[in-house]
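Novice: First, the structure itself, so that you have it in front of you.
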Amino acid sequence: MKVESVTPYSTEESKRLQITRAFDALACRYDRLNRILSLGLDLGWRRRALRCLQGLQPGHIIDVATGTADFAIQTARLLPQTRITGVDLSEGMLEAGRKKVTRAGLNGRITLKTGDSLKLDFPNATFDAATAAFGVRNFENLAAGLAEIRRVLKPGGQLVILELSEPRAFPMRQIHHFYLRRYIPFVGRLLTGLASEYRYLPASIEQVPQGEAMLALLGDAGFTGCRVATYTLGICSCYTGRVRTP
């Protein structure tokens, strides 16, 4: 099954348009739902992933598929000298993010813009690092999106991707399958009244390249030294790589 045919996506419209509409609808409840559906684990996953950037101390980061700016805000707090530009398709998510940025007193360091991961509106070699938390599985074309991120990074620039993944070991794989297929659709529908978006999530996790397959895509996009670390028995994966230097 192609990613574009996974609920809520149909072949009648582009994935880009459908994902934008879906996240606009979820924007006002997105953060609360994230905490509930991930059992609060997503906050710790982000903190662990950001440690990859502490030694680098990047001056300017692009946060792709920034959503409501959770990752951008955590980055700004961990790296107090860093500026972050967050980009997302959903203006509804960005509007919720701007309110959070203002409440956090970070307007001077975090800028949020509407933008497409497949056509980032920045010159080549603009950023020192790039982050993407739980968003690359929504790219309309993953390989093209990774190549576009590489384009806007400076030589030696660091990429950090967080993405949900499937545990491989028994019994965690079976428990996780039940969690994805039963718990998330039920709770998501109960709290939001939206059904298709929460049926899409399990299918999208199963279809996004994982482990060595994702590392191969990163290498093809021009990243080197690519590595993967798994969190919470494989529920989440953190991928890192650097832009090749001349």
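Novice: Out of everything in region 82-99 that is touching a residue at least 60 places away in the same chain (Cβ under 8 Å) and in a helix (DSSP H, G or I), what residue ends up being surrounded by the most Cβ atoms within 10 Å (Cβ to Cβ)?
Specialist: 93
Novice: Can you pull out the residues in region 225-246 that are assigned to a strand (DSSP E or B), of a type in the set (Val, Ile, Thr) and touching a residue at least 60 places away in the same chain (Cβ under 8 Å)?
Specialist: Answer for region 225-246, where residues must be assigned to a strand (DSSP E or B), of a type in the set (Val, Ile, Thr) and touching a residue at least 60 places away in the same chain (Cβ under 8 Å): 230, 240, 243.
Novice: Against the definition (modelled with pLDDT under 95, on the phi < 0 side of the Ramachandran plot, among the aliphatic types (A, V, I, L, M) and not in a helix (DSSP H, G or I)), how does residue 129 come out, yes or no?
Specialist: Answer is no for this residue.
Novice: Also: So residue 148 passes all but one of these: (1) touching a residue at least 40 places away in the same chain (Cβ under 8 Å); (2) under 27 Å from residue 216 (Cβ atoms). Which condition number does it fail?
Specialist: Of everything listed in (1) touching a residue at least 40 places away in the same chain (Cβ under 8 Å); (2) under 27 Å from residue 216 (Cβ atoms), residue 148 misses just condition (1).
Novice: Between 112, 56, 106, which is outside any loop (DSSP other than H, G, I, E, B) and either without any contact (Cβ under 8 Å) to a residue 40 or more places away in the chain or of a type in the set (A, V, I, L, M, F, W, C) (or both)? Don't jump to the end; show me each part of the working.
Specialist: Values: 56 fails: outside any loop (DSSP other than H, G, I, E, B); 106 fails: outside any loop (DSSP other than H, G, I, E, B).
Selected residue: 112, the only one of 112, 56, 106 that is outside any loop (DSSP other than H, G, I, E, B) and either without any contact (Cβ under 8 Å) to a residue 40 or more places away in the chain or of a type in the set (A, V, I, L, M, F, W, C) (or both).
Novice: Here's another thing I want to ask about it. So which pairs qualify, if the first residue must be in region 208-224 and under 24 Å from residue 245 (Cβ atoms), the second must be among the basic types (Lys, Arg) and in a helix (DSSP H, G or I), the Cβ gap must be under 6 Å, and the two must be at least 6 apart or on different chains?
Specialist: Between residues of region 208-224 that are under 24 Å from residue 245 (Cβ atoms) and residues that are among the basic types (Lys, Arg) and in a helix (DSSP H, G or I), the close pairs are 221/150; 222/150.
Novice: Can you tell me how many residues in region 138-149 are crowded, with 22+ Cβ neighbours inside 10 Å and not in a loop (DSSP other than H, G, I, E, B)?
Specialist: Residues flagged as crowded, with 22+ Cβ neighbours inside 10 Å and not in a loop (DSSP other than H, G, I, E, B) within region 138-149 amount to 4.
Novice: Criterion first (within 16 Å of residue 159 (Cα to Cα) and either touching a His at 6+ places or on another chain (Cβ under 8 Å) or in contact (Cβ under 8 Å) with a residue 60 or more places away in the chain (or both)) does residue 64 satisfy it?
Specialist: Values: within 16 Å of residue 159 (Cα to Cα): yes; either touching a His at 6+ places or on another chain (Cβ under 8 Å) or in contact (Cβ under 8 Å) with a residue 60 or more places away in the chain (or both): yes.
Against the criterion (within 16 Å of residue 159 (Cα to Cα) and either touching a His at 6+ places or on another chain (Cβ under 8 Å) or in contact (Cβ under 8 Å) with a residue 60 or more places away in the chain (or both)), residue 64 qualifies.
Novice: Another question, if that's okay. Please count how many residues of region 150-173 are more than 10 Å from the chain's Cα centre (by Cα) and in a strand (DSSP E or B).
Specialist: 7
Novice: Report the residue count in region 116-129 for those that are buried (at least 24 other Cβ atoms within 10 Å of the Cβ) and either under 12 Å from the mean Cα position of the chain (by Cα) or closer than 17 Å to residue 19 by Cα (or both).
Specialist: Here the count works out to 1.
The values are calculated or read from the model by the stated rules, or taken from the named source; none is laboratory data. It should be emphasised that the depicted structure is a prediction, and the values quoted were computed from it without experimental measurement. Please note: Cβ atoms are built from the backbone with ideal geometry, for glycine as well, and neighbour counts cover all protein chains shown.
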